[in-house]
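To start, the structure itself, in structure tokens.
The values are calculated or read from the model by the stated rules, or taken from the named source; none is laboratory data. Just so we're clear, the structure is a prediction, and the values are computed from it rather than from any experiment. No Cβ is skipped: glycine too gets one built from the backbone with ideal geometry, and neighbour counts run over all protein chains shown. Quick note on the areas: whole protein, heavy atoms, side chains included, nothing else; ligands and nucleic acids left out. Shrake-Rupley method; radii C 1.70, N 1.55, O 1.52, S 1.80 Å.
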Amino acid sequence: MRKSVLTSLLPLGAAALLAACSMAPTYERPVAPIAGEWPGLRLSRSLAGMPPVASTALQTVAAADLEWQSFFSDSRLRLLIESALRNNRDLRIAVLNIEQARAQFQIRRADQFPTVGAAATGSRQPSASGNGNIASVYTAGLALTSYEIDFFGRVASLKEAALAQYLASEEGRKTTQISLIATVANTWLSLLADEELLSITQQTLATREESFKLSQLRFDNGVTSELDLRQAESLLEAARISRAQLQRQRALDENLLTLLVGQPLEGELATALPAGQALADAPVMVDVPAGLPSDLLTKRPDIRQAEQQLLAANASIGAARAAFFPRISLTASAGSASNHLSGLFQNGSWGWSLAPQLFLPLFDAGRNQAGLESANAGRDIAVAQYEKAIQTAFREVADALAGRATLGEQLRAQQAQATAEGVRFKLSDLRYQNGIASQLDLLDAQRSLFSARQAVVQARLLQLQNQVTLYKTLGGGWKETAATP
């Protein structure tokens, strides 16, 4: 009997080995809809004022291959980033999405293997002889239920789609980490700028308070008109308005940093907050090379994520095509069988059953055709999303390169303007003290100096944040050193 069982199973085993021929279309990566050269490189060659280079040794390392610990040299900023990587909830959700996608892939992979379990059945029904007797059958043993022999690759295509979704979720986690690191760095730089702007505003406020006291004294003694007094008062209140706005902005930036870090900024993290430090004293970051636009296809996790989703949609077409063909399933059992419950597991009660089934869809009201059309449309959507991801990445890098080419010159010019306004204010004050210039000239010089000093800080902030943005848009930030968990 055993030999007959093996003889019956051999054709099915051979069929299983020949199964799983994929009906998914051959994957071809879409042509990248971008130019072959960055538009900002030509601009950068013609303009001066490039950001300073921190280390010529690291200049040849691509951003995606440069660990964030090497890009950010400030120990306080690295402390905040490490805390964010441990506690940020968005990153935690991205990690859990990976776990969920991995479990879904394991489910699909398990569908390729038979499920064997212990089973016991019992049935009682009238005898087929029509004599009124009751026929009883009891079985117990191992059972294999509805195992699909994947001749046309339907189950294999579903497994490939689940695998691509799992890999896409892993790339999504890298994208989330890159954005998180860049946002923490930019928020920390904004806090530095808030500190410096508050310091400038406090100095300006003190100067304007002295000017207002002097104007009040001169007005009380009839030396100047009320117009000069009200102009000095207006400038004083404008400085107070600016101080209130900057205090609010600093509180908002600190709240954002708390959210990003994922825990209160207390203890060791409190020491990482900038206090009284000027933005000009911020450590210089590494200047990374732009590379070629085609490098983005392999360096940016979000593009790789879109491609994995395209692969998943491509595999889904194979499953939809296989639904038109026969589906063969196998149900089998082996164990003990008896007409009496007490006779189970006795000598001579061995039994087995083998029940293959073939199902060929003849009429399904267009269900399979609609499924195939849906899969084809899903693949076209994934192609468009993949191309859009490439174009978005190209635009982001091009914008960052344009900023790198121009912000240095802008900062140099604004520093020169602030220096000129400082000299102008000193000369206007000297002329006013000697009665040569009017108070209006002095107040105008004071207002212009305040605006120029603020513009210098804002331009320096834009330049530093642009360096962080360029590092992010080139795919830097997901690679970590072995020492970092």
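Overview of results
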item: Filter result (touching a residue at least 24 places away in the same chain (Cβ under 8 Å) and among the charged types (D, E, K, R)) within region 400-438; result: Arg404, Glu409, Arg412, Glu421, Arg424
item: Leu354 being within 30 Å of Leu205 (Cβ to Cβ) and open to solvent by less than 60 Å² (accessible area, probe 1.4 Å); result: no
item: Sole residue being farther than 18 Å from Gln465 by Cβ, charged (D, E, K, R) and assigned to a loop (DSSP other than H, G, I, E, B), chosen from Asp380, Asp364; result: Asp364
item: Of all residues making up region 237-269, the number that are touching a residue at least 12 places away in the same chain (Cβ under 8 Å), open to solvent by less than 80 Å² (accessible area, probe 1.4 Å) and farther than 21 Å from Ala455 by Cβ; result: 8
item: Of residues in region 130-183 being at pLDDT below 80 and assigned to a loop (DSSP other than H, G, I, E, B), the one surrounded by the most Cβ atoms within 10 Å (Cβ to Cβ); result: Asn133
item: Search result, residues across region 270-288 that are open to solvent by 50 Å² or more (accessible area, probe 1.4 Å) and touching a residue at least 60 places away in the same chain (Cβ under 8 Å); result: Thr271, Ala275, Gly276, Ala280, Val284
item: Some residue of region 205-223 being under 30 Å from Arg92 (Cβ atoms) and crowded, with 20+ Cβ neighbours inside 10 Å; result: no
item: Residue check for Phe324: touching a Leu at 6+ places or on another chain (Cβ under 8 Å) and part of a loop (DSSP other than H, G, I, E, B); result: yes
item: Candidate set: region 347-380, residues that are among the hydroxyl-bearing types (Ser, Thr, Tyr) and more than 48 Å from the chain's Cα centre (by Cα); chosen: the one modelled with the lowest pLDDT; result: Ser349
item: Extreme residue, modelled with the lowest pLDDT, among residues of region 43-64 that are surrounded by fewer than 12 Cβ atoms within 10 Å (Cβ to Cβ) and of a type outside the set (A, V, I, L, M, F, W, C); result: Thr56
item: Pro126 without any contact (Cβ under 8 Å) to a residue 12 or more places away in the chain and of a type outside the set (A, V, I, L, M, F, W, C); result: yes
item: First in region 358-373 and surrounded by 11 or more Cβ atoms within 10 Å (Cβ to Cβ), second anywhere and of a type in the set (Phe, Trp, Tyr), Cβ under 8 Å, 6 or more apart; result: Pro361/Phe324; Asn368/Phe324; Leu372/Phe324
